[in-house]
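Peer 1: Below you'll find the structure I mean.
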Amino acid sequence: MTSFPDPDGVVPLLRRGTVMVVVMAPGATPEDVARVVARVEAAGGETFVSTGVSRTIIGLVGDVDAFWQLDLRALPGVAAVHRISDPYKLVSRQHHPERSTVWVGSGERRVPLGPGRFTLIAGPCAVESAEQALEAAHIARSAGASLLRAGAWKQRTSPYAFPGLGVTGLEILARAGEATGMPVVTEVVDPRDVPVAAEHADMLQVGSASMASVGLLQAVAETGRPVLLERGHTATVEEWLMAAEHIAQRGNLDIVLCERGIRTFEPTTRTTPDLVAVPVAQAASHLPVVVDPSHAAGRRDLVVPLARAAIAVGADGVAVDVHPHPEDALCHGPQALHGAELRELARAVRRLPAALGRQDTPAAYPRS
Ligand SMILES: O=C[C@H](O)[C@H](O)COP(=O)(O)O
Ligand SMILES: C=C(OP(=O)(O)O)C(=O)O
């Protein structure tokens, strides 16, 4: 704003419910300005024009989506158009200042995810057999996890990699959840599988590679099941929240955001865990935010340190891979924790929040 010699003309614009700012080019004529004003006012908006020494800026008040459709950037003399308000509404904290809690499961198996709690989600990356899933579920439960995760359909990069057991895997997972008293969360990759997944799982996950698949987002939303929405590994926080808005628009606000690493130039880890995204997403949105250090790092040795960091940065939970025999795992064995490592992580989950001054309810921490 210092480039504007008339700051008094700028500040009031931003104080009057401005949702968008149009910056005119230095050589813009009064006719160019009038054309922008006329187009906005014809669309039912209000304009506040601030004429500086070298530039004029126009603040717009009204329906930001309607203004966006006007394509003001294409008008003569317009240098830039900036949104001031969030491009999402239902998931925004601007319209819903209280942070939300999402409940997964029913009856005695109901598990909360949200402020004042730290929820441990654990399980194998993929369901491989009834024995493996049940063993992993017992390890997870005895360590103190309250939600069981595992994939029946895996969205693999290679068409030759293990794709999951499909509906058979789903049934096995549901039985493992029942046997251990944990609600289950599983990923859906194809919208056609959503109904059967919703029949067997308590929460549906949309994976990183599907984050922007609008058809899938809408299909999971319409089941009414809570949704675990992974951040796309090339998505900005804003794009992630717009994906969540697609779910919310279908009337389903039971959405938990999961930060699982983003693609950067750093090859040491599978993706780069973007922990700053946790407080950023929590400030922008009322939805709970958890972290998946297993898929983010792809390395077992980093999962516990990253989970500690996730607690410190204020995450509402972590989702981690655990496997009875990681060396034999059919999917992502190198990132899967052994039982002893999961118990170490669970100790951090019990002790760290209070040590770090978090106000979480101790009763909600995993027991073990
Ligand atoms: O587990 C989740 C996905 O399948 C995974 O992130 C893709 O992994 P891949 O590249 O090993 O297939
Ligand atoms: C987090 C997962 O996968 P993705 O790599 O698609 O985020 C997962 O399988 O749980």
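Peer 1: With 10 angstrom as the radius, rank Tyr88, Tyr160 by how many other C-beta atoms surround their C-beta, starting from the fewest.
Peer 2: Fewest-to-most Cβ neighbours within 10 Å comes out as Tyr160, Tyr88.
Peer 1: Thinking of the stretch 46-163 as a set of Cα atoms, what percent of all their pairs are more than 17 Å apart?
Peer 2: Everything past 17 Å amounts to 74 percent.
Peer 1: What distance in nm separates the simple spin-label points at Ala38 and Arg250, each placed 7 Å from Cα in the Cβ direction?
Peer 2: 4.4
Peer 1: For the chain, find the longest principal axis of its Cα atoms and tell me its angle to the long axis of helix 214-223, 0 to 90°, nearest 10.
Peer 2: 60
Peer 1: Taking neighbour Cβ counts within 10 Å as the exposure measure, how do His95, His295 sort from fewest upward?
Peer 2: His95, His295
Peer 1: How far, in nm, would the chain grow between Glu98 and His138 when pulled straight, counting 0.36 nm per residue and subtracting the alpha carbon separation?
Peer 2: So the extension gain works out to 10.9 nm.
Peer 1: Compute the length gained on full extension between Arg110 and Ala209: take 0.36 nm times their separation in residues and subtract their Cα-Cα distance, giving the result in nm to one decimal.
Peer 2: 32.8 nm
Peer 1: Given the Cα atoms of the stretch 174-286, and with Rh set as the inverse mean 1/r over their pairs in the Kirkwood sense, what is Rg to Rh to two decimals?
Peer 2: 0.99
Peer 1: If you stretched the chain out fully between Ala66 and Ala283, how much longer would it get, using 0.36 nm times the residue separation minus the C-alpha to C-alpha distance?
Peer 2: 75.6 nm
Peer 1: Under 5 Å between amide hydrogens, which residues at least 5 positions from Thr56 or on another chain qualify, with H placed 1.01 Å from N in the peptide plane?
Peer 2: Met24
Peer 1: Rounded to the nearest 500, what is the chain's calculated 222 nm mean residue ellipticity when only DSSP H runs of at least 4 contribute -39500 (n - 2.57) each, over all residues?
Peer 2: Calculated mean residue ellipticity at 222 nm is -10500 deg cm²/dmol.
Peer 1: Could you derive backbone 3J(HN,Hα) for the stretch 280-292 from the dihedral phi with the Karplus parameters 6.51, -1.76 and 1.60 (θ = phi - 60°), listing whole Hz in sequence and x where the residue is Gly or Pro?
Peer 2: 5, 5, 5, 6, 8, 10, 7, 6, x, 10, 10, 10, 10
Peer 1: Here is a further query. Going by average Cβ neighbours within 10 Å, how do the peptides 76-86, 306-316 rank, with the highest at the top?
Peer 2: With the highest mean Cβ count within 10 Å placed first, the list reads 306-316, 76-86.
Peer 1: Hey, with R₀ at 22 Å, roughly what FRET efficiency would Arg263 and Ala161 work out to, going by the Cβ-Cβ distance, to 0.05?
Peer 2: Using R0 = 22 Å, I get an efficiency of 0.75.
Peer 1: With no solvent and one point on each alpha carbon, what is the Debye value of log10 I(q)/I(0) for the chain at q = 0.06, 0.08, 0.14 Å⁻¹?
Peer 2: Result of the Debye calculation: -0.28, -0.46, -1.05.
Throughout, read-outs are computed from the coordinates displayed, never taken from laboratory work. The structure presented is a predicted model; accordingly, all values stated were derived computationally and were not measured. In this analysis, Cβ positions are derived from the backbone assuming ideal geometry, glycine residues included, and neighbour counts consider all displayed protein chains.
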